[in-house]
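For reference, the structure discussed in these notes is given below.
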């Protein structure tokens, strides 16, 4: 009984130590690290940018997102959409938008986001890749800021910032957590590289892209890891913003 009690106390202590380090000690340590600005821009501005979207069952929402991007992004660009499986509504609503600036690829069967992104990048022609999701709205100038940051010879990828649109009555618990997380990523990037990027909005140099393994869940962690392995920094731009519409409660967000 005594040995079991000691083991239980040790496990509780280990868990508590891990929590304190993760949420208190590590952010404090990162805050003490000196800022190391990226080298000044030397690369020429890219002549063409590809905005990439992988989606499953987006319905008519994908057409609204593409229209918004076409109006918002002022750079010479294309938008490449890959549907992870047939979606007659999405295909029909996108049809009027297809042309020189918009390309649609429909996978015959559902193969997962990683495979869809691989198809999208294979079809993209841009020197810079910008990744975004359907749910969030990209603010004017956000894509341009990511592209500008990538002109530094140090930087291989740059994360944007997700800003929640709080529901009536104030933000939910996840919003507060996510804001804390993004402040931490900003401090990491100021010193060297942030560990992850924001899936709804990030950019990278095309020549650093590595095809994603099939079945990969966290492309927004795997991709920056490959960039760092290639010897480049992963930056964070707090003014490159994607607006995340409110879900209304922590319960709904947990289900997502």
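Just so it is clear, none of the values below were taken in a lab; they were calculated from the coordinates. This is a predicted model, so every value here is computed, not measured. No Cβ is skipped: glycine too gets one built from the backbone with ideal geometry, and neighbour counts run over all protein chains shown.
A few points about this structure:
- Flag for residue 148 being within 23 Å of residue 114 (Cβ to Cβ), surrounded by 15 or more Cβ atoms within 10 Å (Cβ to Cβ) and out of contact with any strand residue (DSSP E or B) (no Cβ under 7 Å at 6 or more places or on another chain): no
- The single condition from (1) in contact with a strand residue (DSSP E or B) (Cβ under 6 Å, 6 or more places away or on another chain); (2) closer than 19 Å to residue 219 by Cβ; (3) outside any loop (DSSP other than H, G, I, E, B) that residue 121 fails is (1).
- In the set 52, 80, only one residue is touching a helix residue (DSSP H, G or I) at 6+ places or on another chain (Cβ under 9 Å) and without any contact (Cβ under 8 Å) to a residue 60 or more places away in the chain; that residue is 80.
- A single entry from 72, 42, 91 fulfils the requirement of being touching a residue at least 12 places away in the same chain (Cβ under 8 Å), surrounded by fewer than 19 Cβ atoms within 10 Å (Cβ to Cβ), touching a strand residue (DSSP E or B) at 6+ places or on another chain (Cβ under 8 Å) and within 30 Å of residue 184 (Cα to Cα): 72.
- Residue within segment 28-36 that is part of a loop (DSSP other than H, G, I, E, B) and surrounded by 14 or more Cβ atoms within 10 Å (Cβ to Cβ) present: no
- For residue 58, the criteria (1) crowded, with 21+ Cβ neighbours inside 10 Å; (2) not in a loop (DSSP other than H, G, I, E, B) hold in every case but one, which is (2).
- Residue 217, sole failed condition from (1) part of a loop (DSSP other than H, G, I, E, B); (2) within 15 Å of residue 120 (Cα to Cα): (2)
- Residue within segment 4-16 that is in contact (Cβ under 8 Å) with a residue 12 or more places away in the chain and assigned to a helix (DSSP H, G or I) present: no
- Within segment 136-145, the set of residues being in contact with a strand residue (DSSP E or B) (Cβ under 7 Å, 6 or more places away or on another chain) and assigned to a loop (DSSP other than H, G, I, E, B) comprises 136, 139.
- Residues satisfying the stated conditions in segment 222-238, i.e. in contact with a helix residue (DSSP H, G or I) (Cβ under 8 Å, 6 or more places away or on another chain) and without any contact (Cβ under 8 Å) to a residue 60 or more places away in the chain: 226
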